[in-house]
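*Asks:* First the structure, then my questions, so here it is.
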Amino acid sequence: MRWVVTGAGGMLGHDLLAALRAAGADVVPLRRADLDVTDPDAATAAVAGADVVVNCAAWTAVDDAEAHEARAFDVNATGAAHLARAASAAGARLVQVSTDYVFDGSATEPYAEDAPLAPVSAYGRTKAAGEWAVRAQAPDHLIVRTAWLYGAHGDCFPRTMARLGAEKERLAVVDDQIGQPTWTRDLADLVVRLVEAGVPAGTYHGTASGRTSWFGFTRRILASAGLTTPLEPTTSDAFVRPAPRPAFSVLGHDALRAVGVAPIGDWAARWDAAAAEVLAG
């Protein structure tokens, strides 16, 4: 089975390549310099001969997207559409990585895979458009939504908070945004398991189980880093940013269970397994 991975230089792409190579897969990594996903001819050439295409390429600068929505749309929606058409023409299965930002964050129970999309940010709108394009252009697709990603091979929340915890006398951290911290290595493993299981086309949620706040996650990060920096809970209103953040980003995993694929484990246990590698990275 030949895999093509776009966005291979990113945090998730790096861990996906490692997982595929460990499994002995034939994998073609495509970084930003190798493929401009907004070029339809380049997308067609890039996926020729592929059995599986995993699209990790994305505009992920959430705040910048507010001022540059058209550019974000080019990558997150138009680029996804080009890859979807190319994968379909090549007879390849397309895995599109999406996000919790396609929801408005107003729920109080985990979002089901078929919950109505209601993005409230430019980033969310462009990723929702990418989902629609993939569904329309690539019948053999897997849309895998994720959230609160961290890993050893890129900037991420745990590494930032560990650094700040070592530099500052006290930290104030938002306690009114709830989500599921998810290790990129676990998400990469889930993508591989979904494809290898031959699950039906559709939407699946690739987040850790359980839930916490940014404050609760920070408390565990500092403990893992051996830091005793005092923490104060605060609200989103104290950290106003250009793009609104979902207050509730907990995603349900019923679709995984329905096809016999185990969801990622509890976020706290997975963080404990990841901490040394992520903080050292």
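*Asks:* Can you sort Phe103, Phe239 by how many other beta carbons sit within 10 Å, fewest first?
*Replies:* Taking fewest neighbouring Cβ atoms as first place, the list is Phe239, Phe103.
*Asks:* How much length, in nm to one decimal, is gained on full extension between Asp155 and Glu196, taken as 0.36 nm per residue of separation minus their Cα-Cα distance?
*Replies:* 11.8 nm
*Asks:* Which of rounded, prolate, oblate describes the stretch 71-112, given a ≥ b ≥ c as roots of the alpha-carbon gyration tensor eigenvalues and a/c under 1.5 marking rounded, otherwise prolate only if a/b is larger than b/c?
*Replies:* oblate
Bear in mind these aren't lab numbers, they're just calculated from the coordinates by the rules spelled out. This structure is a prediction, so every number in the text was calculated from the model and none was measured. Methodologically, a virtual Cβ is constructed for each residue, glycine included, from the backbone with ideal geometry; neighbour enumeration extends over all protein chains shown.
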